[in-house]
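**Student:** Quick one: the structure is below, questions incoming.
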Amino acid sequence: MKMILFIALMSLASVSFASLRVGTNSFAPENSMWISVDDKAAGGITEEEFNNVLDKAFDSYKPIADQYGVTVINTRDWEDGTVNSYASQSGKTWKVASFGGLARYKGMTSDAFALVACHELGHHFGGAPTYSRYGSTWTASEGQSDYYGTLKCMKHYLNGEDNVGYIANINVPATVSTKCNAVYSNSDDAAICVRSSLAGLVLAQLLNELGGGTTPVSFDTPDKKVVTATLYNSYPAVQCRLDSYVAGALCNKPADELTSATSVLAGSCNTSQGDVVGVRPLCWFKP
């Protein structure tokens, strides 16, 4: 009897663990890629950068978590080669799991990894549109989590840094600098917009390669698809995800203006409110 009970408990543990690894509430669709900590050919960021980014991202959200009356926990494992990250909730304990495999993906930067953390925080704090399957609507949809990542989270994360100095030392595509400077008169706000957009490009390129895409993603080739219904339960196409990162960065609503799980209008840019730029892309969102 004890042996049967032990096996049953182990089965439940396996199901619970496996459910965490499924694509839902994760940065990337489900994949089997594994980048070992011993992989000398891997690029990405260092273990120190991995920890510093996560410390900064989750510390910046403590005041917001307090407003919601919740505790946000980041479980991290540098040794784990999983190329993904995940969000989950248990009552008022909201969790994000971060892994070294994704941080080690070639081309990963500190800003891009911060945006990964922001995507997961977006699942918790991003609001509507939310997932509608599994009988739960606590989690923001994938498109909304991308949008929220630059709409709010990266603005908190990059606040107080020398953003102007940072972008002065890198190559910034004219398309990005023109759009950001047209929206933000404050040079630091414009620089945050640029940094967030560039982080989005790194992630879009990663996702494109991870998914076996053959068409390059670019700031100059936005997705022209117009959906007939909002994508509540699936990932937008990779170019569409880049468009969401850029749109969130361009939406000039205050970073501390909260979103809502019941209204897509709260804290975001919407054509129904007279906004022209910074609105959710039509390639995944139906107004």
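The values are calculated or read from the model by the stated rules, or taken from the named source; none is laboratory data. Keep in mind it's a predicted model, so treat the numbers as computed, not measured. Glycine gets a Cβ as well: all are built from the backbone with ideal geometry, and neighbour counts include every protein chain shown. Note: accessible area is taken over every heavy atom of the protein model, side chains too, but ligands, DNA and RNA are not part of it. Shrake-Rupley method; radii C 1.70, N 1.55, O 1.52, S 1.80 Å.
**Student:** Would you work out the charge dipole size for the chain about its Cα centre, treating the Cβ of every Lys and Arg as +1 and the Cβ of every Asp and Glu as -1, and quote it to the nearest 20 debye?
**Tutor:** 860
**Student:** Working with all protein chains in place, sort L258, L203 by solvent-accessible area computed with a 1.4 Å probe, largest first.
**Tutor:** Highest to lowest solvent-accessible surface, that is L258, L203.
**Student:** In the range 52-128, what percent of the accessible surface is made up of carbon and sulfur (1.4 Å probe, ligands and nucleic acids excluded)?
**Tutor:** It is 50 percent, rounded to a whole number.
**Student:** State which stretch of the chain is the longest one without any exposed GluC sites (Glu not before Pro), exposure meaning a DSSP loop state and at most 12 other Cβ atoms within 10 Å.
**Tutor:** Looking at the chain, 80-256 is the longest stretch - no exposed GluC sites (Glu not before Pro) with at most 12 other Cβ atoms within 10 Å.
**Student:** Using a simple spin-label model with points 7 Å from Cα along the Cα→Cβ vector, what separation in nm is obtained for V276 and W138?
**Tutor:** The two pseudo-label positions are separated by 4.2 nm.
**Student:** Next question. Based on the Cβ-Cβ distance from K92 to T221, what FRET efficiency comes out when R0 is 41 Å, to the nearest 0.05?
**Tutor:** That gives a FRET efficiency of 0.45.
**Student:** All other residues with a Cβ under 12 Å from the Cβ of G165 taken together, and with Lys, Arg as +1 and Asp, Glu as -1, what is their net charge?
**Tutor:** Cβ neighbours under 12 Å give a net charge of -2.
**Student:** Between A182, A97, A28, which gets the highest mean-square fluctuation from a Gaussian network model of the chain, Cα cutoff 10 Å?
**Tutor:** So, out of A182, A97, A28, the one fluctuating most is A182.
**Student:** Between the alpha-carbon centers of the range 130-166 and the range 218-242, tell me the distance in whole angstrom.
**Tutor:** 16
**Student:** To the nearest 10 square angstrom, what accessible area does T221 show with a 1.4 Å probe?
**Tutor:** Approximately 70 Å² of T221 is accessible to the 1.4 Å probe.
**Student:** If I compute solvent accessible area with a 1.4 Å probe over the protein chains, what percent of it on the range 161-238 is carbon and sulfur?
**Tutor:** 53
**Student:** Taking a ≥ b ≥ c as the square roots of the Cα gyration tensor eigenvalues, with a/c under 1.5 meaning rounded and otherwise prolate when a/b beats b/c, else oblate, which class fits the range 160-287?
**Tutor:** Oblate, because a/c is 1.5 or more while a/b does not exceed b/c.
**Student:** Another question, then. With label points built 7 Å along Cα→Cβ from the Cα atoms of E257 and V164, find their separation and express it in nm.
**Tutor:** 2.5
**Student:** So, counting K/R as plus one and D/E as minus one, what does the shell of residues with Cβ under 12 Å around D256 add up to?
**Tutor:** Combined, the nearby Lys, Arg, Asp and Glu give +2.
**Student:** Can you list the DSSP H helices in the chain whose Cα atoms extend at least 15 Å along the helix axis and whose mean Kyte-Doolittle hydropathy is 0.0 or higher?
**Tutor:** Result, helices passing both filters: 2-21, 110-125, 187-210, 238-250.
**Student:** So what is the accessible area of the chain per residue, in Å², with the probe set to 1.4 Å?
**Tutor:** 47
**Student:** Same structure, new question: If you count only protein heavy atoms and use a 1.4 Å probe, how large is the accessible surface of I73, to the nearest 10 Å²?
**Tutor:** 70
**Student:** Please work out whether the range 126-222 counts as rounded, prolate or oblate from its C-alpha gyration tensor, where a ≥ b ≥ c are the square roots of the eigenvalues and a/c under 1.5 means rounded, while otherwise a/b larger than b/c means prolate and anything else oblate?
**Tutor:** oblate
**Student:** For W78, what accessible area in Å² do you get when you roll a 1.4 Å probe over the heavy atoms of the protein chains, rounding to the nearest 10?
**Tutor:** 30
**Student:** From the protein chains alone at 1.4 Å, what is the descending order of accessible area for R104, R76, largest first?
**Tutor:** R76, R104
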